[in-house]
1. Select from the range 216-259 the residues that are outside any loop (DSSP other than H, G, I, E, B), under 24 Å from the mean Cα position of the chain (by Cα), modelled with pLDDT of 90 or more and not β-branched (Val, Ile, Thr) and list them in ascending order.
2. Output yes when any residue across the range 301-316 is hydroxyl-bearing (Ser, Thr, Tyr) and either surrounded by fewer than 17 Cβ atoms within 10 Å (Cβ to Cβ) or farther than 23 Å from residue 376 by Cα (or both), and no when none is.
3. Name the residues in the range 191-222 that are open to solvent by less than 50 Å² (accessible area, probe 1.4 Å), among the hydroxyl-bearing types (Ser, Thr, Tyr) and closer than 19 Å to residue 58 by Cα, would you?
4. Given the structure, is residue 178 buried (at least 18 other Cβ atoms within 10 Å of the Cβ) and closer than 26 Å to residue 103 by Cα?
5. Please go through the range 375-407 and pick out each residue that is in a helix (DSSP H, G or I) and either among the aromatic types (Phe, Trp, Tyr) or without any contact (Cβ under 8 Å) to a residue 60 or more places away in the chain (or both).
6. Checking the condition of a type in the set (A, V, I, L, M, F, W, C), closer than 19 Å to residue 107 by Cβ and either without any contact (Cβ under 8 Å) to a residue 12 or more places away in the chain or not in a helix (DSSP H, G or I) (or both), which residue from 151, 164, 135, 173 passes?
7. Residues that are farther than 17 Å from residue 310 by Cα and touching a Pro at 6+ places or on another chain (Cβ under 9 Å): does the range 384-397 have at least one?
8. I'm checking my understanding of the structure. Among residues of the range 366-407 that are in contact with a Leu (Cβ under 9 Å, 6 or more places away or on another chain) and open to solvent by 10 Å² or more (accessible area, probe 1.4 Å), which one is modelled with the highest pLDDT?
Amino acid sequence: LPHSLVYGSIGAGLLAACTVVSLDRSQLASIRGVFASKDDLASFQRLYLPGFLLAMLADWLQGPFVYALYQGYGIDREHNGYLFVAGFSASALFGTFVGSLADKGGRRKFAILYCVIYFGHCTTKHWNAFGMLLFGRVLGGISTSLLFSVFDSWLVSESQRQGFDEEQLGNTFSLAHFGSSIAAIGAGQFGEVVVNLAPLTEMGGGMSYGGYTAPFDLAIIILLLCMLHVTASWTENYGQSTAKAITSSDSVLWVIFRKKQILLCGLIACLFESSMFIFVFYWTPCLMEPNLPIPPFGHIFSGFMIWCMLGTRVYSFLASRFPVRRICLGVMMVSVFCHVTVFLFKDVVIRFLAFLVFEMMVGLYFPMMGTLKGDIVPEDMRSTIYNIYRVPLNVIVMLPLLMNFSISTTFTVTTFILINAVICSYMLRKLLKKQSAVAPQGLPEAQELGNAQD
């Protein structure tokens, strides 16, 4: 893979992001407003964003280096896969009830719990013992369930309580994932710096320090800052807020299958995110060529995050012009073409370009899906449903890891997964349009679905 292409993609992504922002004055105003405005929305964003971004920064710090750390400990690719499977299994298992506990016990408390559990996950990385690393992956799976449900649930609930509309919520989601992309770029660079401060050195008793353990130590510091901010600044909010609130997992599943829009929204999230996580595990070997130097993966990762950042800005540009459901359908369709390209072509340049476009779709996806779920998922069971959405996701991700699929087979599977996501997106758009046309405008259901009209 030519280094000039990698560096050129970084420059092109930055230029494109700046161009999109400059073409949309509302984006410039919203970015400036976070730092300077005194209105209620900007004040709320200054409250939420530091906690969310610190949590994401801690997660990004370990992402690029965990596979390399396991290799440094002498763990082969097969057992490396088992460790990742343990994390996804834990996320699938504990996710079925962690969300319900967060809805009942308080999302602020569980955001703090995320920091505590992830602290333990990072600490285990100092032991070159498969059992300890396996335990760490279990903790990582639990914390991932919390990260991708509790923070979003707190944001949506608090945003609704303060009276912000769908566009303002979408703006906050877009800023959050724009900041997350910047945090990911910074994490790759800071992580590389601390990795090179000292080599991986054994202390005795199976413990090690330095090398690829250093980013995890840096993540621990970030987690402590996140915990302090959430504890000091966030108010508590709950899901189960009414006497008729649904409490059991069976009842929540009944609600999901009874209301097709909730089911379809969950299927879209499950299908897209499972293809994304499979991509995360397989993109590295996709860009390697036999008998040639290893590509600059750190710079490639930074390039991916820049294109992901570009996607968040493109979403903000599109969201003011098109309904969220239409954007969702477009994201799924483009993603299909990205994954089928990897299956059809073995040329690493073509694959790399397809990956860049897919990363832009990832950047579009997260604020889009956050807004979509904010509209569709009932508030009283939000965290519970968010985590139930992740159960089939984790099962799907485990299959290629356990079965050791080839690259072509893997991307055949992800292409099929994303084709189903396109079908679900089309069905959801059609369903919501039909419901909003049939329901009388004065009814709560019509008000809930009013924003879905095309």
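The values are calculated or read from the model by the stated rules, or taken from the named source; none is laboratory data. Just so it is clear, the structure is predicted and the values come from calculations on it, not from any experiment. Every residue, glycine among them, receives a Cβ derived from its backbone with ideal geometry; neighbour counts consider all protein chains shown. These area figures cover heavy atoms from the full protein model, side chains too; ligands, DNA and RNA do not enter into them. Shrake-Rupley method; radii C 1.70, N 1.55, O 1.52, S 1.80 Å.
1. Listed by number, the residues that qualify are 216, 217, 218, 219, 223, 224, 225, 226, 227, 228, 229, 233.
2. yes
3. 213
4. No; evaluated as a whole, the condition is false for this residue.
5. Residues satisfying the conditions are 386, 389, 399, 403.
6. Result: 164 is the single residue among 151, 164, 135, 173 that is of a type in the set (A, V, I, L, M, F, W, C), closer than 19 Å to residue 107 by Cβ and either without any contact (Cβ under 8 Å) to a residue 12 or more places away in the chain or not in a helix (DSSP H, G or I) (or both).
7. Scanning the range 384-397 turns up at least one residue that is farther than 17 Å from residue 310 by Cα and touching a Pro at 6+ places or on another chain (Cβ under 9 Å).
8. 396
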